[in-house]
Amino acid sequence: MECQKIVDKIVGWLDDYAGRCGVQGFVVGISGGVDSALCSTLAAMTGRKVVCVSLPIHQAAAQVSRGDEHIAWLKGKFANVESAVADLTEPYEALLAALPKTDDIAKQQLTEANTRSRMRMTTLYYYAGLSSLLVVGTGNKIEDFGVGFYTKYGDGGVDISPIADLTKSEVFALSAYLGVCESILSAKPTDGLFGDDRSDEDQIGASYPELERAMAAWESGATADEFEGREREVFEIFLRRNRANRHKMEPIPICPIPTEWK
């Protein structure tokens with residue numbers, strides 16, 4: 001993996017896009033995970049203003065501390081990096097109190113998790129609006145175009161996606177190359193939306209390396225019948241999630257009206 005070439009490509013691409021949009025820089029939500037750590041580092045390398053925002057909502061302490069450690073490291077390296085904390089726990093609880101609930105516990109938990117993500121998106125755009133910034137997406141290729149592991153109009157609501165063509169393994173490799181904190185590199189990937197320590201693998205049922213192999217096979221035209229055992233199980237997990245989340249990855253459907261009817 002040619003890390004320096006990839007870094008130079010992404011940093012130049014971010015800088016060029018910001019220049020063409022006429023904005024001052026970028027805002028990144030910092031989760032304590034490797035994706036946001038890498039994206040914020042690459043954004044900082046453009047030399048443009050970068051606002052790193054911590055957005056806790058009943059957040060696990062370890063996630064908050066990893067995020068704080070990363071922001072401190074980033075501010076120590078780059079004078080163009082600023083930070084902010086938007087504790088959304090109280091407004092989140094107020095919103096839930098005003099809304100109905102279901103007896104289906106799993107559905108209720110997932111709905112609440114997606115609500116957290118959408119509140120964070122709204123907050124990031126608030127900061128973006130104050131300072132003429134672009135909201136940076138932190139999704140990787142597996143999440144964004146493989147299994148659709150993100151919230152529609154939540155962490156999927158962004159202006160620019162610098163690492164969406166990198167697999168999770170490539171994200172880890174590039175982050176290590178750039179010196180991202182070991183506490184982040186060694187942490188289990190998690191979306192941090194449930195207020196507990198469940199990992200992405202716990203939710204999806206497969207690890208990122210497994211999903212990467214499944215996605216590569218799917219892209220080459222493979223079918224489930226070509227696999228057996230665990231490989232088949234993971235391939236079917238990938239297919240099931242890819243199909244179920246296709247609505248996130250494709251443009252919003254528009255009902256075409258014949259011109260002669262207008």
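Throughout, read-outs are computed from the coordinates displayed, never taken from laboratory work. Just so you know, these numbers come straight off a predicted model, no measurement behind them. Please note: Cβ atoms are built from the backbone with ideal geometry, for glycine as well, and neighbour counts cover all protein chains shown.
Evaluate the relative contact order of the stretch 62-155 (contact order divided by residue number), counting alpha-carbon pairs under 8 angstrom at least 6 apart; express in whole percent. Provide the component values of the computation, followed by the final result.
Numbers: 41 pairs, mean separation 21.9, N = 94.
Over the stretch 62-155, the number comes to 23 percent.
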What dipole magnitude, in Debye to the nearest 20, does the chain give about its Cα centre under +1 on Lys/Arg Cβ and -1 on Asp/Glu Cβ?
-> 720 debye
Surrounding net charge for residue 232, when Lys and Arg each add one and Asp and Glu each subtract one, Cβ distance under 14 Å = -4
In the chain, with Lys and Arg counted as +1 and Asp and Glu as -1 at Cβ, which of these residues, 255, 162, 189, has the Cα nearest the positive end of the dipole, that is, farthest along it?
-> 255
Quote the FRET efficiency, to the nearest 0.05, computed for residue 106 versus residue 232 with a Förster distance R0 of 25 Å and r equal to the Cβ-Cβ distance.
-> 0.45
Solution diffusion estimate, µm²/s, Stokes-Einstein, the stretch 117-170, Kirkwood Rh from C-alpha pairs, 37 °C, viscosity 0.692 mPa s = 286 µm²/s
Calculated diffusion of the stretch 58-191, Stokes-Einstein form, Kirkwood radius summed over Cα pairs, 20 °C and 1.002 mPa s, µm²/s = 128 µm²/s
What number of lysine-lysine pairs in the stretch 3-204 show an alpha-carbon separation below 21 angstrom, given a sequence spacing of 8 or more or placement on distinct chains?
-> 16
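Quick test of the membrane-span-like rule: which DSSP H helices of the chain reach at least 30 Å along their long axis (C-alpha atoms) with mean Kyte hydropathy at least -1.0? All intermediate terms of the calculation are to be shown ahead of the outcome.
On the way: long enough: 105-131 (40 Å, -0.56).
What comes out of the filter, once short or polar helices are dropped, is 105-131.
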Under a plain spin-label model, where a point goes 7 Å from the Cα along Cα-to-Cβ, how far apart in nm are residue 72 and residue 20?
-> 3.9 nm
If each of residue 9 and residue 153 carries a label point 7 Å out from its Cα toward its Cβ, how far apart are those two points in nm?
-> 3.4 nm
For the chain, what relative contact order do you get, as a whole percent, if you take Cα pairs closer than 8 Å and at least 6 residues apart?
-> 20 percent
Ratio of the Cα radius of gyration of the chain to 2.2 N^0.38 Å, where N counts its residues | 1.05
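Can you give the FRET efficiency for residue 99 and residue 252, using 1/(1 + (r/R0)^6), R0 = 25 Å, r = Cβ-Cβ distance, to the nearest 0.05? Working shown, then result.
Details: r = 24 Å, r/R0 = 0.98.
The calculated FRET efficiency here is 0.55.
With n ≥ 4 as the cut-off for DSSP H runs, can you work out [θ] at 222 nm for the chain, using -39500 (n - 2.57) per run divided by the number of residues, rounded to the nearest 500? Kindly include the intermediate steps, with their values, before the conclusion.
Working: 11 runs with 135 residues, N = 262.
-16000 deg cm²/dmol, from helical runs alone.
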Take the alpha carbon atoms of the stretch 14-71, find their radius of gyration, then divide it by 2.2 N^0.38 Å using N residues; give the quotient.
-> 1.22
